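These notes are about the structure you will find just below.
The values are calculated or read from the model by the stated rules, or taken from the named source; none is laboratory data. What you are looking at is a predicted structure, and each value in this text was computed from that prediction instead of being measured. Positions of Cβ are backbone-derived with ideal geometry, glycine not excepted, and every protein chain shown enters the neighbour counts.
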Amino acid sequence: MDKYPLKKYPIVGACGLNCGLCPRYHTEGTSRCPGCCGPDFGQKHPSCGFITCCVKQRNLEACAQCADWADCDRVARVLDAAKCQDSFISYRPVPANFAFIRENGIEEFVRREMEKQEFLEYLIDNYDEGRSKRFYCTSCQLIPLGKLREALADVEAKMTADTDIKEKAKLVRVAINNLADALQIDLKLLLGKKE
């Protein structure tokens, strides 16, 4: 049994993902993921090669901190997956995350990603009618935070005290979809299609 914490920042996946923007991180109940190497992570994800190599063997938070990452087959597979529009949609930010960590350090990456997570939590707390959490998670992973904040501010200015949660969620989703279209960011899973 692993002794926790293995990592200082469980919201940062060893593979370069932001675990704090994953729907499973924000799920209530037993299926909730505690983030990379968080408490009981090993029971939910018993064999993660990234954790074995990066965290357990090298004592790092993320593969981007490793001097050997450019020659790593495991990292290459994740970076290749980031180019596909399929179930690996959440991996699209990984190359940029790697570059940011290498250039600015893990602490600055965590600070930036915590801002995204706080915005996501605001969306979930205020505009999730029970069906929008995954959409908000994907949006916060793929769309620049400043643009999301602007879009939400525009929508909130149009809401009244009488606007119910279903209408609020609809307005927010439409605004985010319009923003994604304007930025040419596809938020949908299209299995097998290469970009």
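Here are the numbers for the structure shown:
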read-out	value
Where a residue in region 135-152 is of a type in the set (Lys, Arg) and its partner, wherever it lies, is not in a helix (DSSP H, G or I), with Cβ under 8 Å and at least six apart	Lys147/Leu183
Qualifying helices (runs of 4 or more DSSP H) (wholly inside region 9-118; at least 3 residues being within 22 Å of Cys137 (Cβ to Cβ) and in contact with a helix residue (DSSP H, G or I) (Cβ under 8 Å, 6 or more places away or on another chain))	73-81, 94-104
Qualifying positions in region 5-26 - more than 19 Å from Cys63 (Cα to Cα) and either in contact with a Gly (Cβ under 8 Å, 6 or more places away or on another chain) or without any contact (Cβ under 8 Å) to a residue 24 or more places away in the chain (or both)	Arg24, Tyr25
Tally of residues being polar (S, T, N, Q) and under 9 Å from Ala64 (Cα atoms) across region 90-106	1
Unique match (being surrounded by fewer than 17 Cβ atoms within 10 Å (Cβ to Cβ) and assigned to a loop (DSSP other than H, G, I, E, B)) among Lys166, Lys147, Lys170, Lys188	Lys188
Considering residues of region 74-111 that are under 27 Å from Leu152 (Cα atoms) and modelled with pLDDT of 95 or more only, the residue surrounded by the most Cβ atoms within 10 Å (Cβ to Cβ)	Phe109
Single residue of Ala96, Ala81, Ala67 found to be among the small types (Gly, Ala, Ser) and farther than 30 Å from Ile176 by Cβ	Ala67
Single residue of Gly49, Gly42 found to be surrounded by 10 or more Cβ atoms within 10 Å (Cβ to Cβ), more than 26 Å from Phe135 (Cα to Cα), modelled with pLDDT under 90 and in contact with an Asp or Glu (Cβ under 8 Å, 6 or more places away or on another chain)	Gly42
Matching residues in region 10-54 - criterion: being in contact with a Leu (Cβ under 6 Å, 6 or more places away or on another chain) and on the phi > 0 side of the Ramachandran plot	Cys37
Yes/no for Tyr136 being under 21 Å from Gly13 (Cβ atoms), among the hydroxyl-bearing types (Ser, Thr, Tyr) and out of contact with any His (no Cβ under 6 Å at 6 or more places or on another chain)	yes
